[in-house]
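*Asks:* Attaching a single structure in structure tokens format; questions to follow.
The values are calculated or read from the model by the stated rules, or taken from the named source; none is laboratory data. Because the structure is a prediction, the values reported are computed rather than measured. Every residue, glycine among them, receives a Cβ derived from its backbone with ideal geometry; neighbour counts consider all protein chains shown.
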Amino acid sequence: MSRFDKGISRIEELEMRTEDGRNTSPVHPLVLTLFTLFYIVLTVSFPKYALSGVLLFFTYPIAVFILSDLPLSMALRRVLTVLPLILVIGIVNPFLDRGTAFTLFGLPVSYGLLSFLTLTLKGILAVLAAFILIAFIGIEGIVYALRLVRVPEVLTTVLLLIYRYISLIAREAAAMSDAYKLRAPGQRGIAFKNWGSFAGQLLLRSYDRAGVLYESMLLRGYNGTFPAYGERKVRTWEIVLFVLLAAAYLMLRIFMPAELFGGLLK
């Protein structure tokens, strides 16, 4: 299976799960979306040496995977996809910041290594939080939540179409890659000299497919807006849950790590 096929299968796997559980999320899409954004902002706001605080923030994804039927393997595959990028960003930290932060079992741990671990864990937490959000309510739920907070409809429509278009352009790329392999048997990957023509052909093919899809949407009554995700009011217990969780993680961000760990890994 090629990389394009793997990407398509992962997108479809998540889409099938979202469609199977559509409108059955225990929490309103608006509440879950706002909490996810709040959680990610708090996560990335930690100082570069605050490893203890970042570790405590793993309580959210761990609790979700324990209390729900969300498969951990699916989430780990998403994490592994972006992990190389996270590692590349922070890999130079141990070489630039060599001061000793503390000793662990007699071994010195440098500030650079501490910041590298903190950055890596923050990236993993952000990916896990985004995965939980999309797995529970899907892109339609996110768009619905954004519309409730008065995000312009043109922006939400563009976001929805871009997400839907990813699988289409991936299929076009997979078909072109298979055709290239048939014309160049035994060659690994696409030759560098053909990258430009490959990208150009992919752009033209995807543009044609997009035109066909748009005409199909018009034939099915598309008038510039998409049906609502499934309108319902935010319940009182959902507001209470949001306030309690937001307050708890805000306290973890400000106070608890230093108190629990004695300021060792701040």
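*Asks:* Going by the conditions given, is Asp178 at pLDDT below 80 and either farther than 30 Å from Val31 by Cα or out of contact with any Lys or Arg (no Cβ under 6 Å at 6 or more places or on another chain) (or both)?
*Replies:* Values: at pLDDT below 80: yes; either farther than 30 Å from Val31 by Cα or out of contact with any Lys or Arg (no Cβ under 6 Å at 6 or more places or on another chain) (or both): yes.
Criteria met by Asp178.
*Asks:* If I go through segment 48-73 residue by residue, how many of them are aliphatic (A, V, I, L, M) and more than 30 Å from Leu96 (Cβ to Cβ)?
*Replies:* Of all residues in segment 48-73, those aliphatic (A, V, I, L, M) come to 50-51, 54-56, 62-64, 66-67, 70, 72.
Now narrow it down to the ones that are more than 30 Å from Leu96 (Cβ to Cβ): 62-64, 66-67, 70, 72.
The total comes to 7.
*Asks:* Assuming Leu117 fulfils every condition listed in (1) surrounded by 16 or more Cβ atoms within 10 Å (Cβ to Cβ); (2) modelled with pLDDT under 80; (3) in contact with a Leu (Cβ under 8 Å, 6 or more places away or on another chain) apart from one, which condition is it?
*Replies:* That leaves (2) as the condition not met.
*Asks:* Would you mind stating whether Val234 is outside any helix (DSSP H, G or I), exposed (fewer than 14 other Cβ atoms within 10 Å of the Cβ) and at pLDDT 80 or above?
*Replies:* Values: outside any helix (DSSP H, G or I): yes; exposed (fewer than 14 other Cβ atoms within 10 Å of the Cβ): no; at pLDDT 80 or above: yes.
Answer is no for this residue.
*Asks:* If the Cβ limit is 8 Å and pairs must be 6+ apart or interchain, which residue in segment 128-143 that is touching a residue at least 12 places away in the same chain (Cβ under 8 Å) and buried (at least 20 other Cβ atoms within 10 Å of the Cβ) pairs with which residue that is part of a helix (DSSP H, G or I) and among the acidic types (Asp, Glu)?
*Replies:* So the pair list comes out as Gly138/Glu15; Gly138/Glu19.
*Asks:* Tally up the residues in segment 132-159 that are within 14 Å of Pro29 (Cα to Cα), of a type in the set (A, V, I, L, M, F, W, C) and at pLDDT 85 or above, please.
*Replies:* 12
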